[in-house]
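Structure first, commentary second.
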C-alpha cells in the first residue's frame, strides 16, 4: 500500500491527545482525529471527525470515515477519557457518575478497538508486510487507589486489562497492542487539583520532581507506533517520573 501511515487518535482535542496527534504528525503520520488546528501546519493530512466515544453507533462512523479518507488505519490510539464531574468519596459515588466514566474510558475504548481491529486484520491480509498497532492510554490510576474518584480508577484498571486481552488475541495477526500509563500530567483535567499536586510534588511524591507534560506521553506513543518495541506486545509503559518505583 502506498501513502503515509495513518493514525486514528481519540480525544485529540486538547491535552495528551492533542500532543499525541501533533507528535505523530511530526513523525510522518496522517491523522484522523478530533479538532486540532495545528496539525494542518505540519504538512500532513488532518481529518477531523466529530463523534462521542461513549456512543457505540458513532464507532461505525469513525472507522468508515477514516477508511473512506485514507483507506487504512495503521495506528489506533485510544486516548479519549474523562474524569468524574465531581470528586466524591467512594462511599458517595453515584451510579450516574460511575456509568458515565466507564462508558467512555473503558466500554467505549473496548468496542472501538474491536471494530478497528477487524479492519486492521483485513489490512494485514492484503499486505503481510503491514504491522498495525493499537495503543491504550490508561493511567497510574489503573494500579493506584484514589478513594475520591473510584470510578476513574476502576475504568483505567479495566482499560489495562482490555489492552492485555487484545494484545493476546491479536498477536497471531502481528498486530501489537500496548498500554501507556501517564502519571501526574499537567493538563486541563488536572488544573482543578494543581495546588494539591504542586504540594505533593514538592514533598517528594515524584522522584523526578516535576509535573509530567503531554509531550512526555506523546513521545512514548510515537516510539511504540514506529515499532521500536516490535517484540514487546502487551507491554506497559509508565510515563510518571518514577512513581512506579517502590520506595522506603
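Looking only at the range 63-89, residues that are in a helix (DSSP H, G or I) and either in contact (Cβ under 8 Å) with a residue 60 or more places away in the chain or loosely packed, with under 14 Cβ neighbours inside 10 Å (or both) come to 4 in all. For the range 90-101, a residue qualifies if it is touching a helix residue (DSSP H, G or I) at 6+ places or on another chain (Cβ under 6 Å) and either more than 19 Å from residue 16 (Cβ to Cβ) or surrounded by fewer than 13 Cβ atoms within 10 Å (Cβ to Cβ) (or both), and the qualifying residues are 90, 93, 97, 98. Just one of (1) assigned to a helix (DSSP H, G or I); (2) over 21 Å from residue 156 (Cβ atoms) fails for residue 117. It is (2).
Output yes when any residue across the range 168-186 is farther than 30 Å from residue 123 by Cα and without any contact (Cβ under 8 Å) to a residue 60 or more places away in the chain, and no when none is. Within the range 168-186, one or more residues are farther than 30 Å from residue 123 by Cα and without any contact (Cβ under 8 Å) to a residue 60 or more places away in the chain. Evaluation of residue 246 against the conditions (1) more than 30 Å from residue 4 (Cα to Cα); (2) out of contact with any helix residue (DSSP H, G or I) (no Cβ under 6 Å at 6 or more places or on another chain); (3) modelled with pLDDT of 95 or more shows that the sole unmet condition is (3). The residues listed here are 100, 118, 131; of these, the one that is in contact (Cβ under 8 Å) with a residue 12 or more places away in the chain and more than 30 Å from residue 145 (Cα to Cα) is 131.
Just for the range 157-209: of the residues that are touching a helix residue (DSSP H, G or I) at 6+ places or on another chain (Cβ under 7 Å) and surrounded by fewer than 14 Cβ atoms within 10 Å (Cβ to Cβ), which one is nearest to residue 84 (Cα to Cα)? Only one residue fits best here, namely 188. Only residues that are touching a strand residue (DSSP E or B) at 6+ places or on another chain (Cβ under 7 Å) and at pLDDT below 95 were counted across the range 3-16, and they come to 2.
The values are calculated or read from the model by the stated rules, or taken from the named source; none is laboratory data. Remember, predicted model here, so these are calculated numbers, not experimental data. Don't worry about glycine lacking a Cβ; one is built from the backbone with ideal geometry, like all the others, and counts go over all protein chains shown.
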